[in-house]
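Down below is the structure, laid out as structure tokens.
Bear in mind these aren't lab numbers, they're just calculated from the coordinates by the rules spelled out. Predicted, not measured: the structure shown is a model, and the values here were computed from it. In this analysis, Cβ positions are derived from the backbone assuming ideal geometry, glycine residues included, and neighbour counts consider all displayed protein chains.
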Amino acid sequence: MHTSSRRTARHRNFGILAALFFGFAGVATSAHAESVFKCRSADGHVAYQDHACAASQIASQVEIAPAPPAASSPDYGTDSRPTRRAAKQQSRGGAKARSEVVSYECRAANGEVFYRHGSCPKTVTAKARDASGAKRSRGTASQAFAVTAAPLPRGDVCRRLAAGGSIGRAGHERDDAVSSYERNLGRDPCRRY
């Protein structure tokens, strides 16, 4: 036999084998193993077929295990978290979230308001403010002011931090600020809100 005819025979045998394999594997309803005949000719060529081999070939049977039962595919595309609307409706209904994440609104005695995702400090050091809320002149010394903490849902704190005009609020410079680097690494506590 020529080399090209051997290649063609091998490709044909491989095609037959693949067709038989996928044909038998695709039958999900069969509960028992199937078998095919492996026929080897005198010159060493191997063929797989569904009927008995010729008398001049060496024959053996190959058992093909039945295909496993079909299972439902996993649902990768859906997000199991509730939407914002569903979360609002749930909170209006009086049902509390199982593990509600808490942040804090910190109020200093000098009138500053700032937000933290961890605990608030006990005191802050700042210059005293006058009645209008403006800082006093540069010559005055810094004072320590007591801070009170009020727990709030993290979603509320995130919305207050992102609200327009929050930069002008007294105490804004004490807010928990997340750098762009941390945000890009997924370490922003407000990324879900």
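Straightening the chain between Y181 and A146 buys 9.4 nm, computed as 0.36 nm per residue apart minus the Cα-Cα spacing. From most to least packed by mean Cβ count within 10 Å, the peptides 46-54, 58-66, 108-116, 169-177 give 108-116, 169-177, 46-54, 58-66.
Extension gain, V101-D156: 0.36 nm per intervening residue step, less the Cα-Cα distance, totals 18.7 nm. Each label was represented as a point 7 Å from its Cα along the Cα-to-Cβ direction; for D75 and S35 these points are 4.5 nm apart.
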